[in-house]
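The values are calculated or read from the model by the stated rules, or taken from the named source; none is laboratory data. Since we're looking at a predicted model, the values are computed, not measured. For neighbour counting, all protein chains shown are included, and Cβ atoms are generated from backbone atoms with ideal geometry for every residue, glycine included.
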Amino acid sequence: MKRTVPLMIVMVGGILMIIQYFIPHQISQTIFEYYTDWAPIIVAFALVLGVGSLTRIHSHKIKRRAQNWPYSWAVLIPLYTMPFLAHIWPQSLGGGMDQPSIYHFLFMHIQVPIQATMFSMLAFYIASAAFRAFRAKSALATVLLIAAVIVMLGQVPIGDLLGKWLPSTGLWILRYPNLAAKRAIMLGVGFGMLATNLKIIFGVERNWLGGAGK
Amino acid sequence: MYETLGIWAGAFFTLAIYSFLYKENPIYRLAEHLVVGISAGYGMAVTYEITLKPRLIEPLLSGDHWVLIIPGILGILYITRFIPGIAWLSRYPIAFYMGTSMGVAFPLTMKASVLRQLEGAMVPLFQEGMPWYTSLGNVVMILGTLAALIYFFFSKPHKGLFFGTGSKIGIWIIMLGFGATFGFTVMGRISLLIGRVQYLLGDWLHLIE
Amino acid sequence: MSAVSIWEKMLNIDRRWIFLSIGVVSIVPFFINFGMPVVTTDEVEGIFDYMDELGPENAIFVSFDFAPGTQAENMPMAIGVIRHALHNNVPVFMTANYPLHHGMMLAAMEYILNPNTIGYYQDVPFDEWSDLRESGIVARDDLEEAWEGQGNQLPEGALGWAFEGRDYAMLGYAPVFNLVILGMTSSIQTQYPVDTHGNPTSEMPMLQEHKNLREVDMALSCSGSAACVWWVTYAREKIGLPIAFGVTAVMATDYFPYIQTGQVIGQMGGLRGAAEYEVLLAENGITPSTDKAFTGMDVQSAAHILIILFIIMGNIAYFAGGFHKQKTLKGRG
């Protein structure tokens, strides 16, 4: 029950859905439609797992008075306040500045600026890395840097002003050698994914079972 | 008033995050933790309102779609992960999702990532009227794909004419590709900073259009 | 006491000076406004030309598959294509593959429908034109004529009306989005019984005319993750739906194989891609002017020059200082 039945569900489900792809019969389509209708509903509950884990981690931090424990309140308070506020003002889920709400405010004017700014910090770090770490220590590294410089200049308007050859060469690098490298990677990843899919379906790969209940 | 307050709050938290570039400080930490809580809370609210309520709860309560009790029960089994004695029950919905999604993905991934890519790699090396740079590019593309695949094949030592020379050519092609990726990565990171500067100078301080 | 060479001093510079220089270079060009032209590429023109051929009898999907972190690149792409669609009266279905991305969809429409935006569209919510819908007036031209016949005037500065349920539908987030795409190949309404505002999708004329993805003409995935690949795998390969990509620059180089095979009709890569689309929209009179992406390209030029200078200076200092012969580099981190 604990291991065999889940493994059987994976195998039967996997083989069924592979075969379903090749069978246009109405029964096959009905199975497909039920599956695509039910799967999002089932997986929506997985969010509860994530919220539960987050709550557990931060409530333990608060209980144990761990380092930086007061900040855990900054996680837990909005975590439970947001759905509560959305329930009171459901129209705010539809957005619209004509229906301002605390829920909309927290997302649009706190969440969005913070997350956007966190990602934008990478610009500073890449500038620092450009000065301190990007070294042409070998012929290969030199080729990488030259290709990068050509593409960087070709992608900005100043590249067109410096010379038409720059954007043209940059585009040629993107459309041919870059494409070749990425295609090889894509094929490798594609084969790897197919192999992993089969390993999971046939029970060779069992890490997804985890340790729950052994 | 609401919008002005919102923009000032956004600007405050933007500068709070940027303050980390000088030194870590409590305001940065507060912002860092807030974003985790708000995003998880937002996710909960949206998932309930947009998915669970209209696709499970309301149809069940209407009395017409009793078959939806099956995905409902399977979904609830996820929560047993928190109950030590019956945590193994959470494997059932995971197994259902894993098996079926692997099965559904298999033929489509084969088509999208493998067959179509192999088809796309079969291009003419030369055709009448084809510009020289396109012809050169096609040669580079075909040989480069093969060489890069040889480079990534680690089951044989990279020696000899086929594996040795092939993998050497392959790594050069890969370096060109990664150079292009690096150039684009720099562009991407700067773009994100540009977006924030536009917000601060335009939406907040009204110094630019 | 050994002399610290100028090269070593240079390499050990406090990184906060580097941060400051990037900050300055990102701010100053906004005030100088070089206005350097942006030349369009085949990859972006592919999307524009395809969109330009579409009309009221067609429909497209715009999938918001990006988080607030990458909105600077992806948002202008989505906004550009949606404005193109609204101009041509092409119905737009909007989806999101993650809860936070749902918020990005709302932010995009807030911008397009906001009277303070140059070249905005006047929103007509679903309930407000219910009487016309109930009397069977659902064809686009007839609807606009009847709506204006009721005494509604297009405000000054608005480029046109945007009827919810006829011109656009904000379907929003649904979990396991790859399976949602698969499900929509059979029925959109099963995956989205209601839209973001709680309007029943079965009552929307655009959904009555385009019941599943087979009856849709294009899907644009504005993505900051690999979600765009789901559209190719689950929609393009299953039913042949034309797909367009609007991806961040970091990912753009990875998807050239899809462009070459024809699996995607075109790609907007990064801020440059968004700027190219804005240029095409402005040149063809679809929008009154370019927008934020184009304005940012001057700053992009300056920042790229600075980064290249940093790379060159760093390498000169490294090799001139003889550090390539040393095992470790002295100095603070």
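For the stretch A:132-157, the set of residues classified as crowded, with 16+ Cβ neighbours inside 10 Å and at pLDDT below 90 consists of A:R132, A:F134, A:R135, A:A136, listed by residue number. Identify the residue in the stretch B:141-159 that is touching a residue at least 12 places away in the same chain (Cβ under 8 Å) and more than 27 Å from C:E237 (Cβ to Cβ) and, among all such residues, is surrounded by the most Cβ atoms within 10 Å (Cβ to Cβ). Here the residue is B:A147.
Yes or no: the stretch C:105-123 includes at least one residue that is touching a Lys or Arg at 6+ places or on another chain (Cβ under 8 Å), crowded, with 21+ Cβ neighbours inside 10 Å and modelled with pLDDT of 95 or more. Yes, the stretch C:105-123 contains at least one residue that is touching a Lys or Arg at 6+ places or on another chain (Cβ under 8 Å), crowded, with 21+ Cβ neighbours inside 10 Å and modelled with pLDDT of 95 or more.
To keep it simple, each residue is scored yes or no on (1) part of a helix (DSSP H, G or I); (2) within 14 Å of chain B (Cβ to nearest Cβ); (3) in contact (Cβ under 8 Å) with a residue 40 or more places away in the chain.
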| site | (1), (2), (3) |
| --- | --- |
| C:S289 | no, yes, yes |
| C:A293 | yes, yes, yes |
| C:S301 | yes, yes, yes |
| C:F310 | yes, yes, yes |
| C:M313 | yes, no, yes |
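Looking across the stretch B:111-123, the residues that are facing chain A (nearest Cβ under 7 Å) and either crowded, with 20+ Cβ neighbours inside 10 Å or among the hydroxyl-bearing types (S, T, Y) (or both) come down to B:S113, B:Q117, B:A121.
Residue selection: B:G183 satisfies the criterion of being within 14 Å of chain C (Cβ to nearest Cβ) and closer than 19 Å to A:L140 by Cα. Cβ separations smaller than 9 Å between residues 6+ apart or across chains give the following pairs from the stretch A:54-68 residues that are in a loop (DSSP other than H, G, I, E, B) to residues that are surrounded by 12 or more Cβ atoms within 10 Å (Cβ to Cβ): A:A66/A:H60; A:A66/A:S72; A:Q67/A:K61; A:N68/A:K61; A:N68/B:R29; A:N68/B:H33.
Of the helices (runs of 4 or more DSSP H) contained entirely in the stretch C:202-253, those carrying at least 1 residues that are away from chain B (no Cβ under 14 Å) and among the charged types (D, E, K, R) fall at C:205-209.
State yes or no: is C:P56 surrounded by fewer than 16 Cβ atoms within 10 Å (Cβ to Cβ), of a type outside the set (S, T, Y) and not in a helix (DSSP H, G or I)? So C:P56 does not fit the description; no. When the residues of the stretch A:190-214 are narrowed to those that are in a helix (DSSP H, G or I) and more than 7 Å from chain B (Cβ to nearest Cβ), which ends up surrounded by the fewest Cβ atoms within 10 Å (Cβ to Cβ)? Ranking the qualifying residues of the stretch A:190-214, first place goes to A:N207.
Once the stretch A:1-52 is narrowed to residues that are among the charged types (D, E, K, R) and in a helix (DSSP H, G or I), the residue that is surrounded by the fewest Cβ atoms within 10 Å (Cβ to Cβ) is A:E33. Looking across A:Q20, A:Q26, one residue alone is within 27 Å of C:A174 (Cα to Cα) and more than 10 Å from chain B (Cβ to nearest Cβ). It is A:Q26.
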